[in-house]
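First comes the structure, then the notes that go with it.
The values are calculated or read from the model by the stated rules, or taken from the named source; none is laboratory data. Fair warning: this is a prediction, and the values are worked out from it, not measured in the lab. Here the Cβ positions follow ideal geometry from the backbone for every residue, glycine too, while neighbour counts run over all protein chains shown. Just so you know, the surface numbers come from the protein's heavy atoms only, side chains and all, with ligands and any DNA or RNA stripped out. Shrake-Rupley method; radii C 1.70, N 1.55, O 1.52, S 1.80 Å.
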Amino acid sequence: MTTWRPHPHIRVVALGLHWRDGRLLAAEIRDDANRIKGVRPLGGEIEFGESWQAALIREFDEELDIDVSITSEPLVMENIFVHEGATGHEVTFIVEVAFPDGAFAGQDRIDFREDNGEEIIARWFDLAELDAEGGPCLYPTGLKGLLLEGKDR
C-alpha cells in the first residue's frame, strides 16, 4: 500500500461529478491502516498552462480511458484539510460530467491506478450515506451540502 500525504503547496484540481441512478461516482480514500475514511469524485491536478477543463478531460482519459463531456458550470471550492497529521490545501473546480453511452454499464465498481501506481477503487455512492454517522465522508468537506443546495434550487 502506498502511504499518501498532501503536497506541501497549494494545488489546483478539477473534479468531475458523474451520477448513475442518483448515486455519485467517487474514489475511496483510505487511511494508513487501509480503512476507508472517505470518498472523493474523480479528477486530479491541473498542470501548469492547462485549463481546468482540459485537465479534467485528461484525468478521466488517463484513469478510466474514456472521453467525458462537461455538462455544467464549475463550482469552485477552497479545501484546507488534514490527512494523517499533514495539512493539504487545494483550490478545486467541480463540474458535472457525462460518460459515453454504455461506459461501465453493469459494473458496480471501477478499478484503476494513479500515476504513482496506487490502486484505486471507485464506486457509486448514495449521497444520503455520505457524511452520515458510520458512513464515509465526502471530500472536499462541504461538497455534500453544496450539492444538496443545488438540488433544492
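Numbers at a glance
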| quantity | calculated |
| --- | --- |
| Qualifying positions in segment 1-19 - open to solvent by 50 Å² or more (accessible area, probe 1.4 Å) and either touching a Gly at 6+ places or on another chain (Cβ under 7 Å) or at pLDDT below 95 (or both) | M1, T2, T3, W4, R5, H7, P8, H9, I10 |
| Enumeration of residues in segment 69-83 that are surrounded by 12 or more Cβ atoms within 10 Å (Cβ to Cβ), at pLDDT below 95 and not polar (S, T, N, Q) | I80, F81, H83 |
| Criterion: of a type in the set (S, T, Y) and not in a loop (DSSP other than H, G, I, E, B) - qualifying residue of T92, T3 | T92 |
| Hits in segment 32-56 (condition: open to solvent by 70 Å² or more (accessible area, probe 1.4 Å) and modelled with pLDDT of 95 or more) | E47, F48, G49, Q53 |
| Out of F99, F93, sole residue that is in contact with a helix residue (DSSP H, G or I) (Cβ under 6 Å, 6 or more places away or on another chain), buried (at least 18 other Cβ atoms within 10 Å of the Cβ) and either under 21 Å from L147 (Cβ atoms) or acidic (D, E) (or both) | F93 |
| Residue in segment 102-149 that is surrounded by the fewest Cβ atoms within 10 Å (Cβ to Cβ), counting only those that are part of a helix (DSSP H, G or I) and free of Cβ contacts under 8 Å to residues at least 24 places away in the same chain | E149 |
| Residue satisfying condition, being aromatic (F, W, Y), more than 20 Å from R20 (Cα to Cα) and touching a residue at least 60 places away in the same chain (Cβ under 8 Å), within set F93, F99 | F93 |
| Selection status of A26, buried (at least 16 other Cβ atoms within 10 Å of the Cβ) and not acidic (D, E) | yes |
| Filter result for G38 (in contact (Cβ under 8 Å) with a residue 60 or more places away in the chain and under 23 Å from R123 (Cβ atoms)) | yes |
| Those residues of segment 47-73 which are closer than 17 Å to D111 by Cβ and either in contact (Cβ under 8 Å) with a residue 60 or more places away in the chain or not in a helix (DSSP H, G or I) (or both), in sequence order | D65, I66 |
